[in-house]
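Notes follow the structure.
The values are calculated or read from the model by the stated rules, or taken from the named source; none is laboratory data. From a predicted model like this one, the values you see are computed outputs, not experimental measurements. Neighbour counts run over all protein chains shown; Cβ positions are idealised from the backbone, glycine included.
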Amino acid sequence: MANKTKSVFYVSIYPNPTKNKITLLVEESAINENKHYQINIYDIQGKLMQGYTTNSINSYEIDIQSLPVGIYNVNISTGHWTKIIKFIKE
């Protein structure tokens, strides 16, 4: 019998718009799940600008000072789910 995992998640990003850094907040309830989070930041054309892997993500701060001014998508994924959030770099 397979062990099914149920997961509920909410992701937020702040501040938005921002100049120097963003903070990701992930609220998730899961049972029997070992997580490796992949966080990727893409520009509006879909080019990967930054990428990170972490085992814990309740709150994760990312320095974006090196990114040019523009609109970006943050993709957060565990293999079980993916969430995409847009932010503006001023």
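Which ones in segment 34-46 are in a loop (DSSP other than H, G, I, E, B) and on the phi < 0 side of the Ramachandran plot?
The answer is Asn34, Lys35, His36, Ile44, Gln45.
Restricting to segment 47-90, name every residue that is in a loop (DSSP other than H, G, I, E, B) and surrounded by 11 or more Cβ atoms within 10 Å (Cβ to Cβ).
We begin by selecting, within segment 47-90, every residue in a loop (DSSP other than H, G, I, E, B); these are 47, 55-58, 64-69, 78-81, 90.
Within segment 47-90, Ile57, Ile64, Leu67, Thr78, His80, Trp81 qualify.
Could you list, in sequence order, all residues of segment 1-33 that are modelled with pLDDT under 95 and part of a loop (DSSP other than H, G, I, E, B)?
Met1, Ala2, Asn3, Lys4, Thr5, Lys6, Ile31, Asn32, Glu33
Does segment 34-46 contain at least one residue that is at pLDDT below 90, surrounded by 10 or more Cβ atoms within 10 Å (Cβ to Cβ) and of a type in the set (D, E, K, R)? Walk me through it before giving the result.
So in segment 34-46, the residues at pLDDT below 90 come out as 34-37.
Now restrict to residues that are surrounded by 10 or more Cβ atoms within 10 Å (Cβ to Cβ): 35-37.
From the residues that got through so far, the ones that are of a type in the set (D, E, K, R) too are 35.
Looking for residues that are at pLDDT below 90, surrounded by 10 or more Cβ atoms within 10 Å (Cβ to Cβ) and of a type in the set (D, E, K, R), one finds at least one in segment 34-46, hence yes.
I need the full set of residues from segment 58-77 which are within 18 Å of Phe9 (Cβ to Cβ) and either out of contact with any Ser or Thr (no Cβ under 9 Å at 6 or more places or on another chain) or in contact (Cβ under 8 Å) with a residue 60 or more places away in the chain (or both), in order please. Even if it seems obvious, please write down each step before you answer.
Here is the first cut: in segment 58-77, the residues within 18 Å of Phe9 (Cβ to Cβ) are 58-60, 73-77.
Asn58, Asn73, Val74, Ile76, Ser77, listed by residue number.
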